[in-house]
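**Q** This is the structure I want to talk about, given as structure tokens.
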Number of protein chains: 2
Amino acid sequence: MTQTLASFDTLLARYAELLVRTGVNLQPGGKVRVTAPVEATALARLVARAAYRAGATDVRVVYDDPHLALTLFEEGSDEAVGFVPEWAAREREAMVADGYASIAIVGEDPALLSGVDPTRIATRSRLMAQAMRRVSEATGAFAVNWTVAAMATPAWAARVYPDLPTEDAVARLWQDIFSVTRADLPDPVAAWAEHTARLERLTDYLNRQQYAALHLSSELGTDLTVGLAQNHVWQGGAETAQNGVRAVPNLPTDEVFTAPHRDRVDGWAVASKPLSARGQLIEGIRVRFEAGRVAEFSAQSGEATLRQLIETDDGAARLGEVALVPASAPVARTAALFFNTLFDENAASHIALGRCYPTNVQGGTDPAVLDAAGGNAGSLIHVDWMIGTPRTDVDGITQTGERVPLMRAGEWVLSLD
Amino acid sequence: MTQTLASFDTLLARYAELLVRTGVNLQPGGKVRVTAPVEATALARLVARAAYRAGATDVRVVYDDPHLALTLFEEGSDEAVGFVPEWAAREREAMVADGYASIAIVGEDPALLSGVDPTRIATRSRLMAQAMRRVSEATGAFAVNWTVAAMATPAWAARVYPDLPTEDAVARLWQDIFSVTRADLPDPVAAWAEHTARLERLTDYLNRQQYAALHLSSELGTDLTVGLAQNHVWQGGAETAQNGVRAVPNLPTDEVFTAPHRDRVDGWAVASKPLSARGQLIEGIRVRFEAGRVAEFSAQSGEATLRQLIETDDGAARLGEVALVPASAPVARTAALFFNTLFDENAASHIALGRCYPTNVQGGTDPAVLDAAGGNAGSLIHVDWMIGTPRTDVDGITQTGERVPLMRAGEWVLSLD
Ligand SMILES: [Zn+2]
Ligand SMILES: [Zn+2]
Ligand SMILES: [Zn+2]
Ligand SMILES: [Zn+2]
């Protein structure tokens, strides 16, 4: 048997095209903003090429260098850490208003800021989140088509595969990325159409059930009842933005997710994976919820950062998302720990502290409707963390209190096909 | 004798500090914008570090990837080439208004766009220049302290040292950069203070003379009379910005320069070096001026680009700068051809097509004063090109028609020390 392996360059070009065609589904004449790590020049240029070939009118690439944030925290005065100019978000806001699609390429070192005082990071994160509020709201409400995807930077790869020489770690991580995003298939765009159709059958089914709550349990100690917002909407896979373009917000994506009720979450949530947040690793998270709010919490490491997150505002101590992911999802099958939410959240069922997506409630882009339904609006943060394991059970609890098995031992027990 | 050579990292850190302290002379509490090639991460991070250590309140680094422009010209529709959003310069304008100093690090491939139709480049350059007009005006009037310096990118180094393997070419070009900017001296900041004081004695002398015109001649055929604007001001070395900060706009800098009279330039100017403009090389330029305006021109290569430049607007066919540089200047002593104006213009006397610096006329930041003095205001371009050689003679022509030798065989014949 002869096997022809596509070269890295071919795969990278195919991946770039996937981000443009499936990720944001760029329309002829469309405009797109690309943010990418400063190491992503090869990918960013290929994305620009694919976008122009798809008929883009404008492609704006913004390179991000997280080391500059490290330098700020290490060397900057308190005044510098606390300085976010009034115009910081103006260009982003103009782009949202002009209908720019957004492709965000992530790949940061998950522990870059591990030596930094979490208070400094929290101060700046809050200011940045406040400055970016209008952009975040527009993104959260899917005003324009956007997608998040990854690239294998050396710093990230070295965390995922610490035993490999960096070059091999990078190659291995790229292999993972291409595999979980189906970029290594002959026709990735077609494969994604099939995958998102499958997720749509699942969300359609769950939307018809309108469970009052979910119950999640795991061998690690998770024993959590998550009440769901009224008229909640399950989402997953592809999503139609307010501009009418159907896009896929995350590549990869294997979750279906919806909005919890902000006052109806009770019990223990125990993390099944470390969480990289704000450049720091938080490990061994245990949180107890009471009437929707965090009542107690601890972490084996990074507890100060966890505290800063939870204490951001009232909404930060409540849930804004519950998401179900089978233990057999492609990311989970790699058996790697990515320390990157885009990947790890698609390997395990998870919850998010902070604001919900208004699209997870019927009519929820109207703040009054979202509020009345019990959605957790208005927090400055939205931080997913993983609680699912290959032994997690999930039940749906109906409006009449019946328990319906949804997942057993980490796998869906529904049959929709 | 023992010699300890500073390591590359030490030199790079010293260079970064030089850009902050001498280049923009950043004040405690100051803010600074840094633009840098995407390959400049190491230098940009060191600049940020030096700026925070100097007490910066904000450091904004913007990475530039000229390959994205190449991709646009290769793959973009005419609509895309012609699209510059209304808000393109808004953030830059906000930063100028907020008093941000600017450090621009250059190092682009001088012939990156050599395969591109010059008409496409001209279309976009014009739109960009129009969008950036207010920023260019503020920069030209030295509203805030700014500096331009270089880094050795692989693509640029390979053009300068085409016979060396890229790695060696980069190392060699860095050596040149460190040497001509005095970063390899034990105390570069002190060396610059001495150098700028020397240039100041020269500009003070020339300002007292108020020559009516200069005459430049060379063995290549330059035979050019450049009338000077009334109440012209010679500048060179350090400059006091409108915000009161004394900075050095170019590192290296060995020129003294002033504003020609827009209607009083006559004769032949013949280039002594190739010119890299808009990503294309223009070689063998010959231009004849008549009453200030280009009357005929030719180039051995890149003539279409030269034509696009000259035809930008009326001011683009007139001179906005005449600059004198001795043949023994540090850049000239490297004997390399850099295909980069920051370097090549500091190795040879030169002229610039397009708008003048308003600061080169007394009171010239007032447009009426600048106009009355004969300054060439209002062009969208300012493009320096080199005409000086080691055999160039320069005379000052007094108001009464006397000829005073200023340079002979490329060297100053004044003695000011
Ligand atoms: Zn999620
Ligand atoms: Zn989430
Ligand atoms: Zn000059
Ligand atoms: Zn100039």
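**Q** Take segment B:35-48 and flag every residue that is facing chain A (nearest Cβ under 9 Å) and within 21 Å of residue B:98 (Cα to Cα).
**A** B:48
**Q** Would you check which residues across segment A:230-240 are over 20 Å from the mean Cα position of the chain (by Cα) and either surrounded by 18 or more Cβ atoms within 10 Å (Cβ to Cβ) or free of Cβ contacts under 8 Å to residues at least 12 places away in the same chain (or both) and list them?
**A** Here is the first cut: in segment A:230-240, the residues over 20 Å from the mean Cα position of the chain (by Cα) are A:230-231.
A:231 - this is the single residue of segment A:230-240 that is over 20 Å from the mean Cα position of the chain (by Cα) and either surrounded by 18 or more Cβ atoms within 10 Å (Cβ to Cβ) or free of Cβ contacts under 8 Å to residues at least 12 places away in the same chain (or both).
**Q** Do we have any residue at all in segment B:87-104 that's away from every other protein chain (no Cβ under 14 Å) and of a type in the set (A, V, I, L, M, F, W, C)?
**A** Initially, segment B:87-104 is screened for residues away from every other protein chain (no Cβ under 14 Å), giving B:101-102, B:104.
Filter once more, so that each one left must be of a type in the set (A, V, I, L, M, F, W, C): B:101, B:104.
Yes: segment B:87-104 contains one or more residues that are away from every other protein chain (no Cβ under 14 Å) and of a type in the set (A, V, I, L, M, F, W, C).
**Q** In segment B:241-275, what residues are closer than 27 Å to residue B:144 by Cα and either in a strand (DSSP E or B) or without any contact (Cβ under 8 Å) to a residue 12 or more places away in the chain (or both)? Walk me through it before giving the result.
**A** First, pick out the residues of segment B:241-275 that are closer than 27 Å to residue B:144 by Cα: B:241-262.
Across segment B:241-275, the qualifying residues are B:244, B:246, B:247, B:250, B:256, B:257, B:258, B:260, B:261, B:262.
**Q** Let me ask something additional. Mind listing just one residue for me: the one in segment B:371-383 that is closer than 18 Å to residue B:233 by Cβ and in contact (Cβ under 8 Å) with a residue 24 or more places away in the chain and, of those, nearest to ligand 2 (Cβ to nearest atom)? Break it down stepwise before answering.
**A** At the first step, the residues of segment B:371-383 found to be closer than 18 Å to residue B:233 by Cβ are B:371-377, B:382.
Those left that are additionally in contact (Cβ under 8 Å) with a residue 24 or more places away in the chain: B:372-377, B:382.
Values: B:372: 64, B:373: 63, B:374: 64, B:375: 58, B:376: 57, B:377: 55, B:382: 50 Å.
Residue satisfying both the conditions and the ranking: B:382.
**Q** Which one is nearest to residue B:146 (Cα to Cα) among residues in segment B:75-85 that are facing chain A (nearest Cβ under 8 Å) and surrounded by fewer than 20 Cβ atoms within 10 Å (Cβ to Cβ)?
**A** We begin by selecting, within segment B:75-85, every residue facing chain A (nearest Cβ under 8 Å); these are B:75-77, B:79-80, B:83, B:85.
Keeping just the survivors that are surrounded by fewer than 20 Cβ atoms within 10 Å (Cβ to Cβ) gives B:75, B:77, B:79, B:83, B:85.
On the way: B:75: 34, B:77: 35, B:79: 34, B:83: 28, B:85: 25 Å.
Applying the filter and picking the extreme gives B:85.
**Q** Among the numbered conditions (1) surrounded by fewer than 21 Cβ atoms within 10 Å (Cβ to Cβ); (2) of a type in the set (Ser, Thr, Tyr); (3) within 11 Å of chain A (Cβ to nearest Cβ), tell me where residue B:123 comes up short.
**A** Against the list (1) surrounded by fewer than 21 Cβ atoms within 10 Å (Cβ to Cβ); (2) of a type in the set (Ser, Thr, Tyr); (3) within 11 Å of chain A (Cβ to nearest Cβ), residue B:123 comes up short only on (3).
**Q** Of all residues in segment A:332-361 being of a type in the set (Val, Ile, Thr) and not in a helix (DSSP H, G or I), which is farthest from ligand 1 (Cβ to nearest atom)?
**A** Quick first cut of segment A:332-361, residues of a type in the set (Val, Ile, Thr) only: A:334, A:341, A:351, A:359, A:361.
With not in a helix (DSSP H, G or I) added as a condition, the list becomes A:334, A:351, A:361.
On the way: A:334: 18, A:351: 9, A:361: 16 Å.
Here the answer is A:334.
**Q** Among the candidates A:134, A:120, A:126, single out the residue that is part of a helix (DSSP H, G or I), out of contact with any helix residue (DSSP H, G or I) (no Cβ under 8 Å at 6 or more places or on another chain) and not polar (S, T, N, Q). So that I can check it myself, show each step before the final result.
**A** Numbers: A:134 fails: out of contact with any helix residue (DSSP H, G or I) (no Cβ under 8 Å at 6 or more places or on another chain); A:120 fails: out of contact with any helix residue (DSSP H, G or I) (no Cβ under 8 Å at 6 or more places or on another chain).
Within the list A:134, A:120, A:126, the selection yields A:126.
One line per residue, one yes/no per condition, for (1) of a type in the set (Val, Ile, Thr); (2) within 23 Å of residue A:147 (Cβ to Cβ):
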position	(1), (2)
A:327	no, no
A:331	yes, yes
A:346	no, yes
A:351	yes, yes
A:361	yes, yes
A:397	yes, no
A:401	no, no
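**Q** Sticking with this structure for a sec: Is there any pair with a first residue in segment A:338-360 that is without any contact (Cβ under 8 Å) to a residue 40 or more places away in the chain and not assigned by TED's automatic domain parsing to the domain that holds residue A:262 and a second that is within 16 Å of ligand 4 (Cβ to nearest atom) and not in a helix (DSSP H, G or I) whose Cβ atoms are under 7 Å apart and which are 6 or more apart or on different chains, and what are they?
**A** If the second residue must be within 16 Å of ligand 4 (Cβ to nearest atom) and not in a helix (DSSP H, G or I), no pairs are left.
**Q** Another question, if that's okay. How many of the residues in segment A:13-35 are surrounded by fewer than 21 Cβ atoms within 10 Å (Cβ to Cβ) and part of a helix (DSSP H, G or I)?
**A** We begin by selecting, within segment A:13-35, every residue surrounded by fewer than 21 Cβ atoms within 10 Å (Cβ to Cβ); these are A:13, A:21, A:25, A:27-29, A:35.
Checking the rest, the ones that are also part of a helix (DSSP H, G or I) come to A:13, A:21.
Number satisfying all stated conditions: 2.
**Q** Would you call residue B:6 in a loop (DSSP other than H, G, I, E, B), touching a residue at least 24 places away in the same chain (Cβ under 8 Å) and buried (at least 23 other Cβ atoms within 10 Å of the Cβ)? Please lay out each step first, then the result.
**A** Working: in a loop (DSSP other than H, G, I, E, B): yes; touching a residue at least 24 places away in the same chain (Cβ under 8 Å): yes; buried (at least 23 other Cβ atoms within 10 Å of the Cβ): no.
Answer is no for this residue.
**Q** Only one of these conditions is not met by residue A:322: (1) part of a loop (DSSP other than H, G, I, E, B); (2) in contact with a strand residue (DSSP E or B) (Cβ under 6 Å, 6 or more places away or on another chain); (3) within 16 Å of ligand 1 (Cβ to nearest atom). Which number is it?
**A** (1)
A quick yes/no check of all residues on (1) under 25 Å from residue B:227 (Cβ atoms); (2) within 14 Å of another protein chain (Cβ to nearest Cβ); (3) within 16 Å of ligand 3 (Cβ to nearest atom); (4) not aliphatic (A, V, I, L, M):
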| position | (1), (2), (3), (4) |
| --- | --- |
| B:280 | no, no, no, yes |
| B:283 | no, no, no, yes |
| B:300 | no, no, no, yes |
| B:303 | no, no, no, yes |
| B:310 | yes, no, no, no |
| B:321 | yes, no, yes, yes |
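**Q** May I pose another question? Check residue B:395 against each of (1) within 16 Å of ligand 3 (Cβ to nearest atom); (2) over 19 Å from residue B:134 (Cα atoms); (3) outside any loop (DSSP other than H, G, I, E, B) and name the one condition it does not meet.
**A** If we test residue B:395 against (1) within 16 Å of ligand 3 (Cβ to nearest atom); (2) over 19 Å from residue B:134 (Cα atoms); (3) outside any loop (DSSP other than H, G, I, E, B), just (1) comes out false.
**Q** Restricting to segment B:49-74, name every residue that is facing chain A (nearest Cβ under 7 Å), under 18 Å from residue B:106 (Cα atoms) and assigned to a helix (DSSP H, G or I).
**A** B:67, B:68
**Q** Here's something else I'd like to know. Looking at (1) of a type outside the set (Asp, Glu); (2) in contact (Cβ under 8 Å) with a residue 24 or more places away in the chain; (3) more than 29 Å from residue A:27 (Cα to Cα), find the lone condition where residue A:95 falls short.
**A** (3)
**Q** Run down B:184, B:223 and say which single residue is touching a His at 6+ places or on another chain (Cβ under 9 Å) and touching a residue at least 24 places away in the same chain (Cβ under 8 Å). Let's see the steps before the verdict.
**A** Values: B:184 fails: touching a His at 6+ places or on another chain (Cβ under 9 Å).
Only one candidate qualifies: B:223.
**Q** Is there a residue in segment B:150-157 that is in contact with a Gly (Cβ under 8 Å, 6 or more places away or on another chain), free of Cβ contacts under 8 Å to residues at least 60 places away in the same chain and in the same structural domain as residue B:395 (by TED's automatic domain parsing)?
**A** no
**Q** Can you name every residue in segment B:12-34 that is within 10 Å of another protein chain (Cβ to nearest Cβ) and either of a type in the set (Phe, Trp, Tyr) or in contact (Cβ under 8 Å) with a residue 60 or more places away in the chain (or both)? Steps first, please.
**A** Residues of segment B:12-34 within 10 Å of another protein chain (Cβ to nearest Cβ): B:28-29, B:31, B:34.
Answer for segment B:12-34, where residues must be within 10 Å of another protein chain (Cβ to nearest Cβ) and either of a type in the set (Phe, Trp, Tyr) or in contact (Cβ under 8 Å) with a residue 60 or more places away in the chain (or both): B:31, B:34.
The values are calculated or read from the model by the stated rules, or taken from the named source; none is laboratory data. Since the model is a prediction, treat every value here as computed from it, not as a measurement. Cβ: placed from backbone, ideal geometry, glycine included. Neighbour counts: every protein chain shown.
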